[in-house]
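What follows is a short report on a single structure.
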Amino acid sequence: MKTMKKLSALALALMMVFALTACGGGGDSKSTTAAPAADDATTAAATEANAGVDSETTAAAAKADGEPMHIALITMDQMDVHWVKLEKAAKAKVEELQAAGKNIEYEWLAPEKKDNAQQIQQIETAINNNADVIIISVNDSTACNDALQAALDKGIKLIYVDATASLEASATFATDNFAAGKIAGEEMLKYLADNEVTEGTIGLVSAQAGVQSCIDRVDGFVSAFEGSSFEMSEVQYSDGDAVKAQELTNALINDGVVAVYGANDGATTGAGNAVKEANSNDKNILCVGFDNSSSNRGLVKDGCLLAFMAQNPNVMGEKAIEAAVALLEGETLTETSVDTGVSVVTKDNVADFED
């Protein structure tokens, strides 16, 4: 019996050798060695990992090659002509890119008037609508930070136009508002000198407290008067409403200001209308301001508004859309902080700035 068991064991061993030789495919001794089980598992895991990478690459390519790119533009409000022009340019650029084959879904979200809570709601709406990029001009440099951070945490790209928050964004396309305000101040100084006015108080009319772009414009304007004999009034806030700005300017004129500065479109229109009325009653109040609108152009033609600083909202809108698409197609932006500039518009060149 013992002999039979030994023979059986020997036969089993010979069968295993033949089986291993057959698996070796007739190669040398190294090629006949079976791979350890652990190596097989490693190979399988590597194959699975590579498949995952390939899958991610394919998904990225699909996004670039045709998946919808959802871009949301959020402005401070709907009524200011500056935002209307910016949105018009952004939409035109989207339509141009769509005609070229880009799959873009675009929406404009804006409060009816400048309001931090409403703008936060618009950011939340963009998040809920699965925006890939949010292009925004923030009403306040910090009020929207939590909502914007929530967007960033979801992988949404952020681009600023005109006014920025304190969070870092992928790109910014905006006027250098301090520099532009300083230009406005220098223009005002020239007009004061031409009218032989060497001292007095200058009225400051802005949009809303906390709007960084307007803060910078006022600060820049004031900086031009350093070392002069002129004083500045307290900043009057009109909420960007021309009627309210006119009432505030009337009060400043009654208090004896020699000139008025408007820091945005509505503030400038209201200030210009107040100056027009005052000057028709034999006063000589000087006025400069900000933003190109039909109302402000009319005031310049009438001589009530001596000059306004014309921004380039069309450039902001176009470049922001181009940057958004580039980001979603995996490109690296070559321009991440762009000063879109201003022009000084007077009676001599106002015709060049008609819509």
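The values are calculated or read from the model by the stated rules, or taken from the named source; none is laboratory data. Quick caveat: nothing in here was measured; it's all calculated off a predicted structure. As a convention, Cβ positions derive from the backbone with ideal geometry for all residues, glycine included, and neighbour counts pool all protein chains shown. Just so you know, the surface numbers come from the protein's heavy atoms only, side chains and all, with ligands and any DNA or RNA stripped out. Shrake-Rupley method; radii C 1.70, N 1.55, O 1.52, S 1.80 Å.
Rounded, prolate or oblate: which one fits segment 180-313, using the alpha carbon gyration tensor with axes a ≥ b ≥ c (rounded when a/c is under 1.5, else prolate when a/b beats b/c, else oblate)?
Numbers: a/c = 1.27, a/b = 1.06, b/c = 1.20.
In terms of gyration-tensor shape, rounded.
Please give the charge dipole size of segment 150-233, origin at the Cα centre, charges +1 on K and R Cβ atoms and -1 on D and E Cβ atoms. Round to the nearest 20 debye.
Around 460 debye, computed over segment 150-233.
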For this session: Please identify which residues in segment 175-205 have an amide N closer than 12 Å to a label point set 7 Å out from the Cα of residue 228, following the Cα→Cβ vector.
Result: 182-203
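How big is the dipole moment of segment 252-355 about its Cα centre under a simple scheme where the beta carbon of each Lys and Arg is +1, that of each Asp and Glu is -1, and everything else is neutral? Debye, nearest 20, please. Can you show the working numbers first?
On the way: 6 positive and 16 negative charges, 109 e Å.
My answer is approximately 520 debye.
Using a 1.4 Å probe on the protein heavy atoms, what percent of the accessible area of segment 202-261 belongs to carbon and sulfur? Write out the running numbers ahead of the final one.
Numbers: 1060 of 2480 Å².
Using a 1.4 Å probe with all protein chains present, segment 202-261 comes out at 43 percent carbon and sulfur.
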Problem set entry | Theoretical gain in end-to-end length, residue 351 to residue 124 [0.36 nm per residue, Cα-Cα removed] | 77.6 nm
